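S.K.: Would you mind keeping the following structure in view while I ask a few things?
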Amino acid sequence: MKRIIENIEPVLKRLKSFCEVVLGFKKNQAVLEAQRCPQCSHPKCIEGCPLGVDIPGFIRALREKNNLKALHRIREQNGLAGICGRLCSAPCEKACILNEEEGVDPINIKALERFSFDQGQSKIKQIFNAESANRNNRKVAVVGSGPTGLTAASILVEAGYEITIFEALHLPGGILRYGIPEFRLPEKALDIEIEYITSLGIEIKTNCLIGKTYTIFDLMDMGYEAVLLAIGASAPQMLDIPGAQLKGVHFAQEFLMRTNLAGEQQSLKTEMPDLFGKEIAVIGSGTMALDCARIAVRLDKQATIIHSQTEDDIEATGEECNHAKEEGVKLEVLTSPVEILSDENDCVKGIRCVRMDFVDKDGKGLWKVVPVKNSEFAVEADTVILADKGASNSLIIREMKDLKINKDGSIWIKKNEYMTSVDGVFAAGGVVNQSLNLIEALCQGKEAAQKIDLYLQKKNQNEEKNI
Amino acid sequence: MHKIVSKQIIGENLKRIEIVAPVICKKAQPGHFVMIAPDDKSARIALAIVEINLSKETITLIFKEDDSSTKKLGSLWIGDSVFALLGPLGRPSEIKEFGNVLCIGYETGVVSLLPICRALHKSSNKVISVLGAKTKRNLCLEPQIHLCSQEAYVMSEDGSIGKRGYISDSLEKIFSEQKIDRIYVAGPFSVIQDVLISVPERKVPKKILINPMTIDGFGICGCDLIKIKDRYASISVEGPELDADQIDFSFLKTKMKNSRK
Ligand SMILES: Cc1cc2nc3c(=O)[nH]c(=O)nc-3n(C[C@H](O)[C@H](O)[C@H](O)COP(=O)(O)OP(=O)(O)OC[C@H]3O[C@@H](n4cnc5c(N)ncnc54)[C@H](O)[C@@H]3O)c2cc1C
């Protein structure tokens, strides 16, 4: 039997709105796909999942049409099923045993995970267990409410700590809130996940910038015995080519924040023209670049992605790339920007680019992508969006001189321990490794939470000894 | 949460509101700003903290109603609460006894200048201020600046108040009469540039105050990225007060054109 693919919204409808593109499985599709799972005795998918979700277990529940049980099974390891079911890069599917058989596709685990969430979540009645909450009588502060922070918080609260998440923005969710557009992750799904996490007894304090509103020392004075920095890596990095300061050059972070945080996205069509032009060129190579371009085409703009490697090297799932192309996003692959061109008013009028190609310089099979001689050409554009990887936000780092920093600006942590150079201060997620994807960030959040638990248990033992 | 406890109209489209902010007021210092959103539909905007009242646990903001967020903010009543308030943000101004300080502000630029002027005045500096505007109606906070200045001059381009002319026209005389130890300039880019070119004494430390055009207020959106010497910096993290001698002005100029306002 063939792998069942999720239903997709038709292109024309997509371009007219910000509605979700991937619609998920219908009930019978989910059961059929679940039945395809061979239920291996040594499941490779579990090994493939950084969180170790019991994949055959939740698929079994789906076969029994028990969606709530499936969701519970996933949530034992992953508190953000509705989000991973939509955005995860699904390393579990790459590990699926069916890949080894010719002509057979792996199980669509991601779609089944999403189905479990979409169908199961409304039935969940949470579950705030006042007795178990804070049974350790110790407080932990989590800074940042992105996927890393949310995951760590949910694990720590279940381990019996009192948890407060401090978030600088007015809404929780991190990149999930302000970076990823509605058509890939509906705000409602995110709200449900966050509601679930707060229902465990976690307090989220928004509008609270650690380093300014409170410092880490303030948090310690307020009785937090451990602090987890899960502040992501979103600070924009300037592209070092001439013209990067011109009028019409924006960072992806700005573009995404303006569009994702806008109250009514439909009104953007009328409000955006004076801010962003008609022909948008996005320089970058990952989901961030794709997301910007796909928002742009929904706002009646032309969008071209300029990417120096091949299409296969775009750091996004093939599915996302295909959706973007269907929607009219142009890809200029093996193309590198040389200069942003300006008109007489210092406004962007295009990008001078050069073609790239693979060259095996010394014949040793070390193929490298290098510029092709005399291949320069111009891409027309009145707006350029820089969608390179973000860097760590330096604000906290500046306020806390003892925090050791790596060369690339990320926070140094003791390997596998997640403790920074400051006792009791931990870090995980984007802020320690700028190129993490979602599932890796969740995994770090989980592991950091376990290390914090160990640290506090040890502290407890020491205190008891001293009494 | 963050309730408005007083509200006044202090000039044409210029409003002053006092907001309860118990945590922010404890940390706030002259030079800091906040991000504020009047309601969940409006974009957050950066406003300088003008006054801090520790006993009432409030901060005071002054703003011109010139876009949808500020208009909405101006339409809130005493007793209403704002939707979001984040702060204090940015770096506080370095305040100590410098000697004779020249404080220059153009139109609404005076709003961010006022708290610094007051703090300098309190720290036993001699404050000489020059306020400028196109016309009398656009002049901001003149009485307040007068109260914290030993000398105050007003320049208007049409002569409707003070002397007729540009701020830069007044500098020659001020510098000929006394030694100036430090300069602060707040206003639009063209005025800042005009003033800096016209300062007769090259070596005086010059500080400029730039309102960060930012969405988040802590350096993520990149709208307020500028070049300082050879590195890029966010105005909301390293400003709003910046050292004029270190800034790449040609970068800043295109950047200021780039921003919305
Ligand atoms: C546009 C975009 C699309 C992506 N799409 C995918 C995808 O499809 N699949 C995938 O696997 N990965 C994707 N990723 C990567 C993934 O989103 C990240 O790996 C993940 O968000 C990192 O999570 P985090 O919690 O570490 O950081 P973030 O999500 O960045 O969260 C950090 C939070 O901390 C807050 N904060 C920062 N500083 C402070 C402070 N001083 N005080 C208080 N709060 C603070 C921030 O406001 C933010 O809310 C995408 C990334 C981007 C930018």
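The values are calculated or read from the model by the stated rules, or taken from the named source; none is laboratory data. Everything numeric in this text was worked out from a predicted model, so none of it was measured. A quick note on method: Cβ atoms are made from the backbone with ideal geometry, for glycine too, and the neighbour counts reach across all protein chains shown. Calculation scope for accessible area: heavy atoms of the full protein, side chains included, ligands and nucleic acids excluded. Shrake-Rupley method; radii C 1.70, N 1.55, O 1.52, S 1.80 Å.
S.K.: Averaged across orientations, what area in nm² does the convex hull of the alpha carbons in the range A:7-126 project?
M.R.: Its average projected convex-hull area is 8.2 nm².
S.K.: For the range B:191-254, what Kirkwood radius comes out of the mean inverse Cα-Cα distance, in Å?
M.R.: That comes to 12.3 Å for the range B:191-254.
S.K.: Per residue Cα convex hull volume for the range B:133-254, in cubic angstrom? Spell out each step's value before the answer.
M.R.: On the way: hull volume 15.5 nm³, N = 122.
Cα convex hull per residue, to the nearest whole number: 127 Å³.
S.K.: I'd like to know which of B:S68, B:L114, B:I167 lies farthest towards the positive end of the charge dipole of chain B, counting +1 on Cβ of Lys and Arg and -1 on Cβ of Asp and Glu.
M.R.: B:S68
S.K.: Next question. Convert 25 °C to kelvin, take the viscosity as 0.890 mPa s, use the Kirkwood radius over C-alpha pairs of the range A:249-386 as Rh, and evaluate the Stokes-Einstein diffusion coefficient in µm²/s, rounded to a whole number.
M.R.: For these conditions, the coefficient is 155 µm²/s.
S.K.: On to the next question. Taking the Cα centre of the range A:63-209 as the origin and placing charges on Cβ (Lys, Arg +1; Asp, Glu -1), which of A:L209, A:I74, A:I107 is farthest toward the positive end of the dipole?
M.R.: A:L209
S.K.: What are the semi-axes of the equivalent ellipsoid of the range A:93-234, taken as the square roots of 5 times the eigenvalues of the Cα gyration tensor, listed largest first and rounded to whole Å?
M.R.: The three semi-axes for the range A:93-234 are 32, 19, 15 Å.
S.K.: When only C-alpha pairs under 8 Å and at least 6 residues apart count, what is the relative contact order of chain A, in percent?
M.R.: Reported as a whole number, the value is 15 percent.
S.K.: How big is the Cα convex hull of the range A:59-117 in projection, averaged over all directions, in nm²?
M.R.: Reported value for the Cα convex hull: 4.1 nm².
S.K.: Now a separate question. How do A:160-171, B:107-118 rank on mean C-beta neighbours within 10 Å, highest first?
M.R.: By packing density, highest mean first, the sequence is B:107-118, A:160-171.
S.K.: Please report, to two decimal places, log10 I(q)/I(0) for the protein assembly as shown at q = 0.08, 0.09, 0.12 Å⁻¹ as given by the Debye formula with identical point scatterers on the Cα atoms and no solvent.
M.R.: Normalising to I(0) and taking log10 leaves -0.71, -0.88, -1.42.
S.K.: Report D for the range A:321-441 in µm² per second (integer): Stokes-Einstein, Kirkwood Rh on Cα pairs, 10 °C, 1.306 mPa s.
M.R.: 85
S.K.: Compute log10 of I(q)/I(0) for the range A:271-338 with the Debye formula, placing one identical point scatterer on every Cα and leaving out solvent, at q = 0.17, 0.25 Å⁻¹, to two decimals.
M.R.: -0.53, -1.06
S.K.: Something else now. Among B:L139, B:S42, A:S435, pick out the residue whose Cα is farthest towards the positive end of the charge dipole of the protein assembly as shown, where Lys and Arg carry +1 and Asp and Glu carry -1 on C-beta, about the Cα centre.
M.R.: After comparing all options, I get B:L139.
S.K.: If you don't mind, there's one more thing I want to ask. Seen from all sides and averaged, what is the projected area of the convex hull of the Cα atoms in the range A:142-193, in nm²?
M.R.: Answer in nm², one decimal: 3.6.
S.K.: While we're looking at this one, here's another question. Please work out how much accessible surface A:V329 shows to a 1.4 Å probe, ignoring ligands, DNA and RNA, in Å² rounded to 10.
M.R.: The value for A:V329 is about 10 Å².
S.K.: Ignoring everything except DSSP H segments at least 4 long, calculate the 222 nm mean residue ellipticity for chain A; use -39,500 (n - 2.57) per segment, divide by total residues, nearest 500.
M.R.: -10000 deg cm²/dmol, from helical runs alone.
S.K.: Let me ask something else. Between the range A:335-374 and the range B:169-205, what's the alpha-carbon centroid distance in Å?
M.R.: When both Cα centres are located, 45 Å separates them.
S.K.: So what is the relative contact order of the range B:2-89, in percent, for Cα pairs below 8 Å that sit 6 or more residues apart? Each step should come with its number before you reach the end.
M.R.: Numbers: 200 pairs, mean separation 34.7, N = 88.
For the range B:2-89, the relative contact order is 39 percent.
S.K.: Can you divide the C-alpha Rg of chain B by 2.2 N^0.38 Å and report the result to two decimal places?
M.R.: Normalised Rg, Cα atoms only: 0.97.
S.K.: Quick one, can you get me the convex hull of the C-alpha atoms of the range B:2-89 expressed as volume per residue in Å³?
M.R.: 80
S.K.: About its Cα centre, how strong a charge dipole does chain B have in debye, to the nearest 20, once Lys and Arg get +1 and Asp and Glu get -1 at the Cβ? Let's see the in-between values first.
M.R.: Details: 37 positive and 31 negative charges, 28 e Å.
Approximately 140 debye in magnitude.
S.K.: While we're on this one: About its Cα centre, how strong a charge dipole does the protein assembly as shown have in debye, to the nearest 20, once Lys and Arg get +1 and Asp and Glu get -1 at the Cβ?
M.R.: I would put it at about 940 debye.
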